[in-house]
Amino acid sequence: MQLIKASNVTLALSGKTVFNDLSFVVEAGAKIALLGDSGVGKTSLLNLVCGLHQPLKGNLNNRAKRIGYAFQEPRLLPWLTVSKNIEEVMKPYGFSADERQHKIAYLLTVMQLTHCANYYPHQLSGGMAQRVSLARAFAIEPDLLLLDEPFSALDKSLRHQLSDFLAQFLQPQTTLIYVSHSPEDVLHLTDQCLVLDREYQCSWHQLATEQQRRTLLDNLSSHKVD
């Protein structure tokens with residue numbers, strides 16, 4: 001089933017063209033790495049997919065009912081505690097109070113944040129706040145999970161640990177679009193790759209085998225991707 005379909009989309013922000021005549025389809029359950037140089041529009045594409053941006057021309061249809069989004073910045077609500085930040089996003093989706101508390105306890109344990117449940121955002125380090133943002137994205141059991149450099153503020157050990165958790169968390173029916181500047185961190189979690197370039201073009205690559213992953217990494221490092 002097609003979950004997301006973009007048809008001849010043009011996006012302009014502050015008078016600058018970000019995409020021009022962009023078309024693509026994302027099937028439900030796909031795990032997609034979204035790669036490209038800084039400034040090519042990776043974050044803008046995520047914002048377009050979730051409705052934060054609207055196309056200047058063309059159409060984008062997203063059938064996802066539950067969208068979890070972990071931004072580059074944590075974007076926590078400063079007047080709510082860690083637990084309440086996570087709970088707040090769950091309320092519209094019909095989780096009971098017991099279900100919410102159980103889910104919050106589980107996620108804080110996984111994220112090594114149980115001691116921070118009653119902290120406010122200003123009491124958290126950057127890495128701690130980013131982990132809360134991840135927990136919030138996971139909490140609603142999304143059918144579409146958008147990750148924008150979610151581990152960039154974390155040390156290498158914790159980044160690997162949470163990457164392993166993400167691999168366990170993802171269900172076959174969960175669609176993932178994962179932006180990263182480090183292809184090595186994301187390709188093992190994905191089965192397709194969408195590469196954006198500065199000419200408003202995109203290219204798709206299958207990642208079904210280790211050989212396909214290695215070939216893409218080699219091409220990315222030598223800028224031979226097309």
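The values are calculated or read from the model by the stated rules, or taken from the named source; none is laboratory data. Since this is a predicted model, take the numbers as computed values, not measurements. FYI the Cβ positions are ideal-geometry reconstructions off the backbone, even for glycines, and counts take in every protein chain you see.
Which residue, of Ser96, Ser163, Ser125, is hydroxyl-bearing (Ser, Thr, Tyr) and surrounded by 15 or more Cβ atoms within 10 Å (Cβ to Cβ)?
On the way: Ser96 fails: surrounded by 15 or more Cβ atoms within 10 Å (Cβ to Cβ); Ser125 fails: surrounded by 15 or more Cβ atoms within 10 Å (Cβ to Cβ).
Answer to the selection: Ser163.
Within segment 29-58, residues that are closer than 16 Å to Ala70 by Cα have Cβ atoms under 7 Å from residues that are of a type in the set (D, E, K, R) in these pairs: Lys31/Asp191; Leu34/Lys42; Thr43/Asp148; Leu46/Asp148, counting only partners at least 6 apart in sequence or on another chain.
Residues of segment 141-156 being touching a helix residue (DSSP H, G or I) at 6+ places or on another chain (Cβ under 6 Å) and modelled with pLDDT under 95, which ones? Full working, then the answer.
Restricting attention to segment 141-156, the residues satisfying the condition of being touching a helix residue (DSSP H, G or I) at 6+ places or on another chain (Cβ under 6 Å) are 146, 148, 150-151, 153-154.
Scanning segment 141-156 gives Asp148, Pro150, Phe151, Ala153, Leu154.
Within segment 1-22, the set of residues being in contact (Cβ under 8 Å) with a residue 24 or more places away in the chain, at negative phi and not hydrophobic (A, V, I, L, M, F, W, C) comprises Gln2, Lys5, Ser7, Thr10, Thr17, Asn20. For beta carbons closer than 6 Å, sequence separation of 6+ or different chains, a first residue in segment 205-219 that is of a type outside the set (Lys, Arg) and a second that is loosely packed, with under 14 Cβ neighbours inside 10 Å, the qualifying pairs are Gln212/Gln206.
Just to be sure, is Ser83 among the hydroxyl-bearing types (Ser, Thr, Tyr), surrounded by 16 or more Cβ atoms within 10 Å (Cβ to Cβ) and either farther than 19 Å from Leu170 by Cα or at pLDDT 95 or above (or both)?
On the way: among the hydroxyl-bearing types (Ser, Thr, Tyr): yes; surrounded by 16 or more Cβ atoms within 10 Å (Cβ to Cβ): yes; either farther than 19 Å from Leu170 by Cα or at pLDDT 95 or above (or both): yes.
For Ser83, the condition - among the hydroxyl-bearing types (Ser, Thr, Tyr), surrounded by 16 or more Cβ atoms within 10 Å (Cβ to Cβ) and either farther than 19 Å from Leu170 by Cα or at pLDDT 95 or above (or both) - is met.
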